[in-house]
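Since the structure comes first, as structure tokens, the remarks are kept for the end.
The values are calculated or read from the model by the stated rules, or taken from the named source; none is laboratory data. Keep in mind that what you see is a predicted model, and the values were worked out from it rather than measured. Here the Cβ is made from the backbone with ideal geometry for all residues, glycine too, and neighbour counts use every protein chain on show. All accessible areas refer to the heavy atoms of the entire protein, side chains included, with ligands and DNA or RNA removed. Shrake-Rupley method; radii C 1.70, N 1.55, O 1.52, S 1.80 Å.
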Amino acid sequence: MQIIAKNLSFTYGKQTKAVSVKALNNVNLTIEEGDFFGIIGHTGSGKSTFVQHLNGLIRVNGKEGELRVGEFDLADKKCDLKTLRSKVGMVFQYPEYQLFAETVFEDVAFGLKSFNKDISQSEIELRVAEAITTVGLNYQRIKDKSPFELSGGQKRRVAIAGVIVSRPEVLVLDEPAAGLDPVGKREFLNLLKRLHSSFVKTIIIVSHDMNIISEYCNKVAVFNRGEIALVGTPQEVFADQNKIKELGLEFPLTARLKLALKNKGVEVGGDLTVEGFVTALSKLKEEGKL
Amino acid sequence: MREVTFGQYFPSNSFVHKMNASIKILIVIAYIVAVFSVKQFHFLGFGICLAFVITVTAVAKVPFLKVLKSLKAIIFFIVFSAVLQLFFNKSGTPLWEGGFITDEGLKSAIFVSVKVSLVVLGASILTLTTSPIELADGIEVLLYPLKIVRFPVHEFALIMSIALRFIPTLMEETDRIIKAQKARGADFDSGNLFKRAKALIPVLIPLLVSSFRSADELADAMDARCYAGSKNRTKFKKSVITWRDLIGLIITAGLVVAVVYCNGFYIFPAVFL
Ligand SMILES: Nc1ncnc2c1ncn2[C@@H]1O[C@H](COP(=O)(O)OP(=O)(O)OP(=O)(O)O)[C@@H](O)[C@H]1O
Ligand SMILES: [Mg+2]
């Protein structure tokens, strides 16, 4: 599903008027099917507000722009939100805080049951087992446990299983790696990569961690005060050094290394992934330029 | 969800905002007593109270509409008590031949509605001009005398301010959990009452869990800062009384005297509805 936002604006507290905050201002953005799309920006720049539009948690006001997600027109009041939400999965920060059921099985099945009321028990079992296995947990061992007796990392996996159980085509993650240790973070991102090569076609990730963005995303949008300041590949976005600094952002490690090397007179090509960086560097060595 | 902002504090720098919270609470109590003591059908007394409310609102620089909005919350109660009076007050003469609504019933329906509305208007000015924290502090000061009977005033006030402090957090958390469950297909807006109540389980349980977590964290944070109850504890914001409070008290005394005068010096008639 292709996602197209046109002149999208949003203001919080419009009805109450006491304090209204313009969180989005004329956002134009296209996310293609197949993208691993990164969204970055200073805190309060409107990233969460934007992604919550994608599955209709925040509704588009007809006069405040257009938003299309595949065949769904989000500005349309009659938009079938339930079907949309089964196709656009959303994982929030600390997703483990959404767990509620008595068993892991019940919790993961919750989404499935709410999306299709007349799904058969055997189908549920199949899909729940698939989801739990996908997130790297042992289905048989964990399914009858209470979600509250699991470790933090396991909880988070269960919560994510509860989102991907409906096989969404688009998976939106709002700062999903917060609070994970480095190993947990890497495992988590590898999970995303695996998902991206299965039924999940598009991944949209909001993150403050530039290394994640440069390593995994093929495209990045930078938000600033509710507007889009930059869009492009990580390479293109982080090439504009002054702008990035102006926007209050960090550089990924690879970009910093490249910059430092450049100051020493060594131009390293390639993209901003660690592998791309290493390949470019070893090529330089082979050519005898190092 | 977000529209339900707790309390309705309207920040400003006015005379009324700067007054001492305890004094403001006392004034509101005096005002409410004045409203209740207005003698049956002596609408002039209400006129005086209304004038008081309007003056205070103007001085406080709070939009009148904001004050009026507070009535929305109790509109059902007002209509209910008015209807009760209208249909069940049998004294007086019927308004029309054979009708069951009497002139006295109509009058008392209006009287009761006005009385309740005035009380709510007065109380809402207090919450509009006093932040919840100031209110809690104000109540604490007023409760000090209870220390004589070993009532744990400080702890009580602490509970109150912690509760107030956590309301926005809880609302934010609720909002977040609702969104997370909606994203998983939860449907809170359709089905019968029973279904809707059941739909709340996925929200209430995580909310409960997170409240316990917050409580634990807060307790740890307080322990870590060596919080040890009320003994030898000083206040960050001292409760001071200024000339503003004196003026407020004098005007309020004037209000009470005026109302009592209207009642023909009939000091305290049947108080409640
Ligand atoms: N529920 C809300 N009510 C009112 N204002 C809000 C609400 N949520 C966000 N805002 C405001 O809207 C703006 C954008 O917020 P948003 O949450 O989209 O930022 P963000 O880019 O996700 O920030 P962060 O990186 O800190 O998560 C901010 O100024 C914020 O204060
Ligand atoms: Mg955010």
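Remark: accessible area buried at the A-B interface is about 1900 Å², both chains counted, probe radius 1.4 Å. Take B:D216: with every protein chain present and a 1.4 Å probe, its accessible area is about 100 Å². Heavy-atom accessible area with a 1.4 Å probe sorts B:C226, B:C49, B:C262, largest first, into B:C226, B:C262, B:C49. Helices of chain B meeting both criteria, an alpha-carbon length of 20 angstrom or more along the long axis and an average Kyte-Doolittle score not below -0.5, with helices taken as full DSSP H segments, are B:21-37, B:43-60, B:103-129, B:153-183, B:201-224, B:243-262. With contacts taken as Cα pairs under 8 Å and at least 6 residues apart, chain B reaches a relative contact order of 33 percent. Counting heavy atoms of the protein chains alone, B:V209 has an accessible area of about 50 Å² for a 1.4 Å probe. Computed from the C-beta positions of B:I148 and B:K107, the FRET efficiency with R₀ = 56 Å rounds to 0.75.
Take the cross-link list A:K63/B:K72; A:K47/A:K283; A:K78/B:K182; B:K61/B:K115; B:K69/B:K235; A:K87/A:K113 and give me the ones stretching past 26 Å between alpha-carbons. Those over the limit are A:K63/B:K72; A:K47/A:K283; B:K69/B:K235. These residues, B:S14, B:S91, go from largest to smallest accessible area, 1.4 Å probe, as B:S91, B:S14.
Rounded to a whole number of µm²/s, how large is the Stokes-Einstein D of the protein assembly as shown at 25 °C and 0.890 mPa s, given Rh as the Kirkwood radius over C-alpha pairs? In µm²/s, the coefficient rounds to 86. Given R₀ = 25 Å, FRET efficiency for A:N263-A:V231 by Cβ-Cβ distance, to 0.05? That gives a FRET efficiency of 0.35. Axis angle, to the nearest 10 degrees, between helix A:253-263 and the longest C-alpha principal axis of chain A: 10 degrees.
Amide H contacts for A:G41 (H built 1.01 Å from N in the peptide plane; partners 5 or more residues away or on another chain; cut-off under 5 Å): A:F223.
Each stretch of four or more DSSP H residues adds -39500 (n - 2.57); spread over every residue of chain A, this sum gives -11500 deg cm²/dmol at 222 nm.
The 1.4 Å probe gives accessible areas that order A:M210, B:M171, largest first, as B:M171, A:M210. Placing a label point 7 Å from the Cα of B:S230 along the Cα-to-Cβ direction, the residues of the stretch B:9-44 whose backbone N falls under 18 Å of that point are B:22. The residues of the protein assembly as shown expose, per residue, 54 Å² of accessible area to a 1.4 Å probe. For chain A, the longest principal axis of the C-alpha atoms and the axis of helix A:152-164 are separated by about 70°. By the rule of a C-alpha distance below 13 Å, with chain neighbours fewer than 8 residues away ignored, the aspartates and glutamates paired with B:K179 are A:D174, B:D187.
For chain A, the longest principal axis of the Cα atoms and the long axis of helix A:274-286 meet at an angle of about 30 degrees. Model label points for A:F148 and A:S122, set 7 angstrom from Cα along the Cα-to-Cβ axis, are 3.6 nm apart. A 1.4 Å probe, protein heavy atoms only, puts the accessible area of A:K117 near 150 Å². Just grab the label-to-label distance for A:R186 and B:V33, each label 7 Å out from Cα along the Cβ direction, in nm (one decimal). For the pair A:R186/B:V33, the computed spacing is 7.4 nm.
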